[in-house]
Amino acid sequence: MEEKTFTQEDIASFVSIFKEIRSSLNSYMKDREFIMTNSQIFSFLMYAPIALGIASDREVDENEIRMLEKISKNIDVNKIVNIDLMTVLSVVPETENAMLNEEFNMRIDSEILYLARHIDRYESSIINALKLFLKLDKSPESETSLTKTFNKWFDYVIEKNAGKNKDLELKNILSYKTRLGIA
């Protein structure tokens, strides 16, 4: 998401969307005891397409686990959420008992892996949350947009994971992109 100054209308929309996102993720967070702040939800959703891509053939292999480990080393809430965004997130109601950012940063790789391994259970709620999240994308054509970022993650997973089920992976990733409205 690009840095920008948000209007009151942007903030009201953001609050509404984030409430819906939190509702979509509620089952996952409850099942996993992974109670996230708004900034953490933002960070989680930035990387959730990786779980979808990894799970696109319904198998999680060693190559995908190594790829995920490499990516997750760079996930840090404080680096992902800029000051302008943090200001907007501060007006969105938070949940109680959310984990600290340090705990989130330590758990995110195992959570994305868990999500990939159990995508059948959470796919619809993750897709819904990502679709809602994409409503925040005011400039989808920008190189730093959520739309471009999601497309890059899906393409990265395919590029780095030429498995035996590549045709199935490509078909399912195209289906995800279509369902998200980014194809």
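Only the coordinates and a few stated rules stand behind these numbers; no lab work does. Nothing here was measured: the structure is a model prediction, and the numbers come from that model. Heads up, the Cβs are rebuilt from the backbone with ideal geometry, glycines too, and the neighbour counts pull from every protein chain shown.
What the table shows:
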read-out: 222 nm mean residue ellipticity, helices alone, for the chain (DSSP H n ≥ 4; -39,500 (n - 2.57); rounded to 500); value: -22500 deg cm²/dmol
read-out: Cβ-based net charge around Leu174, under 12 Å, with every Lys or Arg adding one and every Asp or Glu removing one; value: 0
read-out: Residues Glu64, Glu143 arranged by fewest to most Cβ contacts within 10 Å; value: Glu143, Glu64
read-out: Label assignment, semi-axes √(5λ) of the Cα gyration tensor in Å derived from the structure, set (1) 36, 20, 11; (2) 29, 18, 15; (3) 26, 18, 15; value: (3)
read-out: Residues Val15, Val157, sorted so that the one with the fewest Cβ neighbours within 10 Å comes first; value: Val15, Val157
read-out: Ascending count of other beta-carbon atoms within 10 Å, so fewest first, for Lys19, Lys177; value: Lys19, Lys177
